[in-house]
Each structure stands twice: as C-alpha cells, then as structure tokens.
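Novice: Below: one structure in structure tokens.
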Amino acid sequence: MIDNSEKVKKTFLNKQNTLEKARKILKTEFIGINKIIDEVIDNVSSWFFLSDIQEKPVVINLWGLTGVGKTSLVNRLVELIDFEDSFYRFDLGEKEGSFSFRDSLDDLCENNDISPVIIALDEIQHSRTVTGPFRQEVENDKNRMIWELVDSGRIQYVEWKRGLWSFEDTIYKLLHLIKAGVEVRNGIVVKNAELYCKEMDINFEKDEKVLFVPESEYERILEFSGEYLGLHLQRDVEKILLSYSANDTIIFLNKVLKFGKRPLVKNFTKALIFVLGNLDEAYTMSNNFSADIDADEFNKLSKRITVPQIKKALQNRFRNEQIARLGNIHIIYPALDKKSYTRIIQNELEKYAKSLTEKFNLNIEFDNSILEIIYSEGVYPTQGVRPIFTSIHQVLKSKLSLFLAEIYLNSIDTNKLLFSVKYNILKCSYLNKEIQVYEKQVEIITTLNDVRKNKKDDMQAITAVHESGHTVLSVVLLKTIPDVVYSITSDAENQGFVYSSLAWKYISRKELIPRAAMMLGGYVAEELIFGKENLTSGAESDIKKATEFLSKMYKNSGMGSLPILYSIPIKENNEAYNNFEAIENEIKSTIEDAKKLAELTLKKEKTLLLELSDYLSDNRMLKKEEIRKIVENRTIENINFIENGEHLFYRKHLKQQIQKNEVSKPIIPHFNNVLSLNSL
C-alpha cells in the first residue's frame, strides 16, 4: 500500500513538473497570449492528472481571429507533454478526401479504447449545422459524428473489415450450390462434391472429406463474430460448423456477416478535445483587412468579446443542443497588440540572424529600421502573424544572397554585416572590427509604403475635407476625439477614414440626430468647402451608413413614434408590421434634421474644419493627441470630452428618482439555517 502511494506521488509530481515546464516554454515561444496559455494549461491539468477516472471527454474551445496561433499552440503543447503518438487533428474545412473528418476517423478508431488521447477539431466553423436567418438545418451533415464525440466520447464506428465482401460472395456461392444439388450433412458435402470443388476452386480427391465451409474462412468468422458468439479458436468454429446442415450453415454464416457489418461503439471518454475556430459573428472586426487600423485598437475591441457573445455567434452556425455539448470552457484569443507584433518580428529577425551567423561565421545585425519596415508592411491586425513572415521574406530574405555573394565576388574582409532600410533602399554595411570597409545597396519593393505616400493632389484634398467633416462633428456633437484620421490609406477601395471608439455602450434616442449628422459630416463638409456643384461620389458609403443606422433604429429598435417591428412580408415571418410609409417618413425627416445640424455645426466650426483639412491635405494621418491639440486651439467653445462612458446619465438618474420618491431598500432575508447536503 505504501509502495503504491509512493508510485502515485511520483507520477503526480512528474506530471506536474511536465505541465509547468510546458507552461514556461509556451510563454517564451508564443508572444502576447500569456493569459491564454495559463487558461489552457489550467484546464488541461485535470485531464492530464486524472484522465483514468473521467467519464466524459474534457472539451476546451479556443476562439480567435486567423493567425493568432490557436493550432500552433495545441500542436506545441502536444509535443511538450509527449502525446504526439496519441494526437489526432481533424481539419473540418475539408469535406472530402483523405484529410476530411470521416476519412481520417479510421486512424483515431484504431486507437486503444481505454487510452487517453488528444483530439483537435480544427476550423469547426465550417461544420455548420444550421444556415440562413431562420436557422434551417443543413442537409447531409458529413461531420455529424463530431457531436457524439464531444458529448459522450462514444461514437458508432463502421469499421471496414478486410474480406467482408469476399465472405459475402462465399455465402452467395454456397447458397447457389445448394440449389444446384449439393447436399451437406454435419458440415460435410455428401452429394455433388465434384461440382462443389470445381465452383469453389478446390482440388477434388475422391473419397476425401470435403468441408462445406472451407477452413480458409474460419479466421474471418472469428474476426467478424468471435466476440459476439463466444468463439476464440478455429477449433471452436470447426466444432460448430461440423454440427450443421446446409441450411443451418447458411443461417449461421449470415449471422456472422451481420456481426461483421455491425458498427462498433468506440470509447473516447478519456480524451482531451480541443475545438478550434474563427467566429466572424463574434469578431465583427474580422472583415476589416485594413493595414492602417492600429493593432492596439483591435486588441481592445477583441478583449471586449465575452463567452455569451461567443455562444450567440455559435447560434448562427449550430443547433442549441450542439452548442450545449461544447460546454463552458471557451478561451477567447485577443487580437495581437502592437507590442506583441513587434516582439514577434524581433524574435524572427534574431533567429534568422543567428542561423546566418552560424552558417557563414559572420556577425549579422539588423538595424531597428528593418523591424519598422517589416511592421509597416506586414501587420494586418485582423490577419494575425502570417503576413509578417511573407514580409520578412520580401523585404529581407529575398535579397540576402546578393549581399553575401558580394563578399566572395569582391574578397571583402569582413566579420560583421549591418543591415538597415531608408527610402525603400536596403543597405548592408560590411564591417571589420566595427570599421566600415564596404557598402552595398539594393532597392526593395514596399507595397504598402508606396501607396501610403502623401500625394498632395486633388484626391488627398477631397479626402482631407471629407474626413475632417466627420472629425469635427465627432468632437462637437458626440464629445469624442477620434483615435485616428486618415486622408490616405493602403486600401484601394477606401481613400480615408475616421476611427472613433465611443466611451459608452448604448444608443439613446437623443443621439440619433447627432450620430446621423456625424455620419453625413463628410458629405456636408465637401459641399461647404467646395460648393454643391463640386460634390464627389465619395460620400456614398456615408449616406448608406446613415440611412441603414436610422432604419435599424426606427424599424427594429422602437425609436420611432410607435414601438413596432417592421419587416418585409415573407412566408417564414408573419410577426412584423409591413406598412413602411409612416416610419420611412420619420427616417427621412431625421436625415433632414441631421443634415441641417451638420451644416450649422460645420459653419460654426469652419476654422477648425479648415485647420484639420489643411493638415490632412499634406499629411496622411492625424492621431488622437494631435487632434486634441488642434481642437483646443480652434474650437469656438470649450468642450468637455467624454472619456468615461460608464456613468453619464442613467444610474445617477435612477438613484435620484429613488430618492425623490422615497423608495426604501428592500429587506433581503438572511438564512442562517441553510440545508446542507452534507448533513443529509
């Protein structure tokens, strides 16, 4: 007993050491997700220590934008805890072929039922079971077995057994031989043995006993049905067959065939299952491929996503009972922030420098300008780290051979190469004892830097005025300084934009006109500065946005004169009001009021509008603090900007109403004698 306790203790401590070591290594290899790593390790621990007593699989869901390292983290964890031989990853984006779930299931089901395994169900979002606004069920769901696996850990598996078809053919042939006159007694052919041997391709020897079921089939009978019929040896099979007539033999063989075709119940209750996916419905910023949005802003937005939001997003793809089967362990990846991207690039450059140093016996260094150009070219906040690696190749790796060849072509005596970038020129300084002895420069392609250059043309001037209009109205009407304003972007379809994150989380009726005015600010600013006849088509998206916003507020959110839900009459939904005339007149009236408010405000603050426009016509962007400085000097009246939107009105107003009406606090009873289950 003591020896067993010591063994359990030793095993437990070894596993704890393995898991903590994995935690530390993962934090050095994966940047910016320490909290995620802690959550994963903590949730894995119960399975790692006690998988032998668990009765259902442990299911851990990992959600995040593409390229944040979900799959890589799981793969590396599997390596660190030495489970590579018991790890099965399914790409659920593959519907057909050798990598699909159904075709890859054979490998998993060959595993010993009682052993713990790790299963990764990757790209789960592609296995939707409902579709459309009315959540219609998907037909021919090829990954249906997933839900049995994550729920109970038991799945019915139809195992293809070698020789099953051949065995079925044998039964069919024996049946026809009986019809042709072959007679059998106690498993031996007693009439028309020559015909039997010819059809069954068996050498016929006169006076020799001919078995009705060839001995070559005994092994298959054991494989297909031995477990069900209590047969363990070929001798057991022979004994039972030698007691049968022809018809009894056929009945027996059909029973064996039935067992051979029966699906097996495979048991994966000891499994650890990772469910990985990208949910655009929760990560609403995921469709913005702009490289100009600040990574820190995306990081902040992604950190606001909660488990209830994830479950709500899952409802667009899966049935409610399936969402329940995924459980409550939902680990939500944040988008990477600027610091994380910088560290990732730095790490890649250091690794590359180290490998070059070892190969060529040279000290390789990359100036900080290399890091900056790769960040500028490679960071698309919604696309994760993958674009970074292609940018490192494009900016740096594709040119390295030219610089190294120079050493041999010109017999340069150097022990150190220092790389830097300036104005699309990659420069290598060849040093010997820190003294430059040679230099080579190569022009590089910088896709984003080229399109981000100030044009100082009509288009930049139009965009500057347009975006300044939005900015002024955000400042004056919504008391919010935008985080950033662009008059030139890397997006071919979007010349500029204003990015504002409002400090409060709700929309009230009094905000409708100011918000719509802000959305129309670009259109009104162009008209004010350039004249009505010189308006451009650039305000199309703003007009659409303002109209859609008000339409949603009035038709869906009850902001009109009557709280009614409006909808186009369709067969599937007869529960909404279908007469739009009155509500659309309200929307039109609000648009008119919003445009008037925008006009009055921009005329009043024309100096501020021109100041911002002037700067943005020569410079591609303005950041929050720069906008603040201009605003403080140019607005007509002082503005108390809303920095904290948690206590603007509603809570304070509620408490005032309670005090005014002298409402006393309810007495909440405290139960001293609480029934305890332990006392039963």
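Novice: Kindly indicate whether any position in the range 183-205 is closer than 21 Å to ARG162 by Cβ, free of Cβ contacts under 8 Å to residues at least 12 places away in the same chain, out of contact with any Lys or Arg (no Cβ under 9 Å at 6 or more places or on another chain) and not polar (S, T, N, Q).
Specialist: If we filter the range 183-205 for residues that are closer than 21 Å to ARG162 by Cβ, which is where we start, we get 200-201.
Next cut, free of Cβ contacts under 8 Å to residues at least 12 places away in the same chain only: 201.
Retained after the next criterion (residues that are out of contact with any Lys or Arg (no Cβ under 9 Å at 6 or more places or on another chain)): 201.
Subsequent filtering for residues that are not polar (S, T, N, Q) retains 201.
Taking every residue of the range 183-205 in turn, at least one turns out to be closer than 21 Å to ARG162 by Cβ, free of Cβ contacts under 8 Å to residues at least 12 places away in the same chain, out of contact with any Lys or Arg (no Cβ under 9 Å at 6 or more places or on another chain) and not polar (S, T, N, Q).
Novice: ILE658 fails exactly one of the following numbered conditions: (1) under 45 Å from the mean Cα position of the chain (by Cα); (2) assigned to a helix (DSSP H, G or I); (3) modelled with pLDDT under 90. What is the number of that condition?
Specialist: (1)
Novice: Which members of the range 428-448 meet the condition of being of a type outside the set (Phe, Trp, Tyr), in contact with a helix residue (DSSP H, G or I) (Cβ under 9 Å, 6 or more places away or on another chain) and under 23 Å from LYS354 (Cβ atoms)? Step through it out loud before you land on a result.
Specialist: Residues of the range 428-448 that are of a type outside the set (Phe, Trp, Tyr), as a first pass: 428-429, 431-437, 439-448.
Those still in the list that are in contact with a helix residue (DSSP H, G or I) (Cβ under 9 Å, 6 or more places away or on another chain) too: 428, 440, 442, 444-448.
The answer is CYS428, LYS440, VAL442, ILE444.
Novice: Would you call ILE25 assigned to a loop (DSSP other than H, G, I, E, B), touching a helix residue (DSSP H, G or I) at 6+ places or on another chain (Cβ under 7 Å) and in the same structural domain as ALA282 (by TED's automatic domain parsing)?
Specialist: Numbers: assigned to a loop (DSSP other than H, G, I, E, B): no; touching a helix residue (DSSP H, G or I) at 6+ places or on another chain (Cβ under 7 Å): yes; in the same structural domain as ALA282 (by TED's automatic domain parsing): yes.
No.
Novice: For the range 391-417, how many residues are over 39 Å from the mean Cα position of the chain (by Cα) and either among the β-branched types (Val, Ile, Thr) or surrounded by 14 or more Cβ atoms within 10 Å (Cβ to Cβ) (or both)?
Specialist: Matching residues across the range 391-417 total 8.
Novice: Name the residue that is surrounded by the fewest Cβ atoms within 10 Å (Cβ to Cβ), counting only residues in the range 470-487 that are part of a loop (DSSP other than H, G, I, E, B) and in contact with a strand residue (DSSP E or B) (Cβ under 8 Å, 6 or more places away or on another chain). Show your work before the answer.
Specialist: Step one: list which residues in the range 470-487 are part of a loop (DSSP other than H, G, I, E, B), which gives 478-483, 487.
Right, trim to in contact with a strand residue (DSSP E or B) (Cβ under 8 Å, 6 or more places away or on another chain) and you get 482-483, 487.
Details: PRO482: 20, ASP483: 17, SER487: 29.
Here the answer is ASP483.
Novice: If you take the residues in the range 1-44 that are surrounded by 16 or more Cβ atoms within 10 Å (Cβ to Cβ) and among the small types (Gly, Ala, Ser), which one is nearest to GLY153 (Cα to Cα)?
Specialist: For the range 1-44, the residue satisfying everything is ALA22.
Novice: May I ask you to say which residue of ASP52, ASP82 is surrounded by fewer than 15 Cβ atoms within 10 Å (Cβ to Cβ), more than 17 Å from the chain's Cα centre (by Cα) and not in a helix (DSSP H, G or I)? Break it down into steps so the answer makes sense when it comes.
Specialist: Numbers: ASP52 fails: not in a helix (DSSP H, G or I).
Answer to the check: ASP82.
Novice: Quick one: LEU62 ticks every box in (1) modelled with pLDDT under 95; (2) touching a helix residue (DSSP H, G or I) at 6+ places or on another chain (Cβ under 6 Å); (3) crowded, with 19+ Cβ neighbours inside 10 Å except a single one, so which number is it?
Specialist: (1)
A quick yes/no check of all residues on (1) under 58 Å from the mean Cα position of the chain (by Cα); (2) surrounded by fewer than 16 Cβ atoms within 10 Å (Cβ to Cβ); (3) assigned by TED's automatic domain parsing to the domain that holds ILE60:
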{"residue": "ARG154", "(1), (2), (3)": "yes, no, yes"}
{"residue": "HIS176", "(1), (2), (3)": "no, yes, no"}
{"residue": "TYR196", "(1), (2), (3)": "no, no, no"}
{"residue": "GLU199", "(1), (2), (3)": "no, yes, no"}
{"residue": "LYS209", "(1), (2), (3)": "no, yes, no"}
{"residue": "PRO214", "(1), (2), (3)": "yes, yes, no"}
{"residue": "LEU233", "(1), (2), (3)": "yes, yes, no"}
{"residue": "VAL237", "(1), (2), (3)": "yes, no, no"}
{"residue": "LYS255", "(1), (2), (3)": "yes, yes, no"}
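Novice: Can you tell which of ASN640, ASN644 is closer than 17 Å to VAL472 by Cα and part of a loop (DSSP other than H, G, I, E, B)?
Specialist: None of the other options fit; the residue is ASN640.
Novice: Take the range 347-398 and flag every residue that is farther than 20 Å from LEU448 by Cα, polar (S, T, N, Q) and either part of a helix (DSSP H, G or I) or in contact with a Pro (Cβ under 6 Å, 6 or more places away or on another chain) (or both).
Specialist: ASN347, SER355, THR357
Residues are listed down the side, and each one gets a yes or a no for (1) of a type in the set (Val, Ile, Thr); (2) touching a residue at least 24 places away in the same chain (Cβ under 8 Å); (3) assigned by TED's automatic domain parsing to the domain that holds THR480; (4) in contact with a helix residue (DSSP H, G or I) (Cβ under 6 Å, 6 or more places away or on another chain):
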residue: SER613; (1), (2), (3), (4): no, yes, yes, yes
residue: LEU616; (1), (2), (3), (4): no, yes, yes, yes
residue: ASN619; (1), (2), (3), (4): no, yes, yes, no
residue: GLU625; (1), (2), (3), (4): no, no, yes, no
residue: LYS629; (1), (2), (3), (4): no, no, yes, no
residue: ARG634; (1), (2), (3), (4): no, yes, yes, yes
residue: GLU637; (1), (2), (3), (4): no, no, yes, no
residue: GLU643; (1), (2), (3), (4): no, yes, yes, no
residue: LEU654; (1), (2), (3), (4): no, no, no, no
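Novice: Is it true that some residue in the range 308-326 is surrounded by 16 or more Cβ atoms within 10 Å (Cβ to Cβ) and acidic (Asp, Glu)?
Specialist: No, the range 308-326 has no match at all.
Novice: Right, here's the next one. Here's a check for you: in the range 328-372, which residue that is of a type in the set (Ser, Thr, Tyr) and without any contact (Cβ under 8 Å) to a residue 12 or more places away in the chain is nearest to PHE298 (Cα to Cα)? Full working, then the answer.
Specialist: Looking only at the range 328-372, we keep the residues that are of a type in the set (Ser, Thr, Tyr), and these are 333, 340-342, 352, 355, 357, 369.
Still in the list and also without any contact (Cβ under 8 Å) to a residue 12 or more places away in the chain: 355, 357.
On the way: SER355: 33, THR357: 37 Å.
Selected residue: SER355.
The values are calculated or read from the model by the stated rules, or taken from the named source; none is laboratory data. Please read these numbers as outputs of a predicted model, since none were measured by experiment. Reconstructed Cβ throughout: ideal geometry from the backbone, glycine too, with neighbour counts over all protein chains shown.
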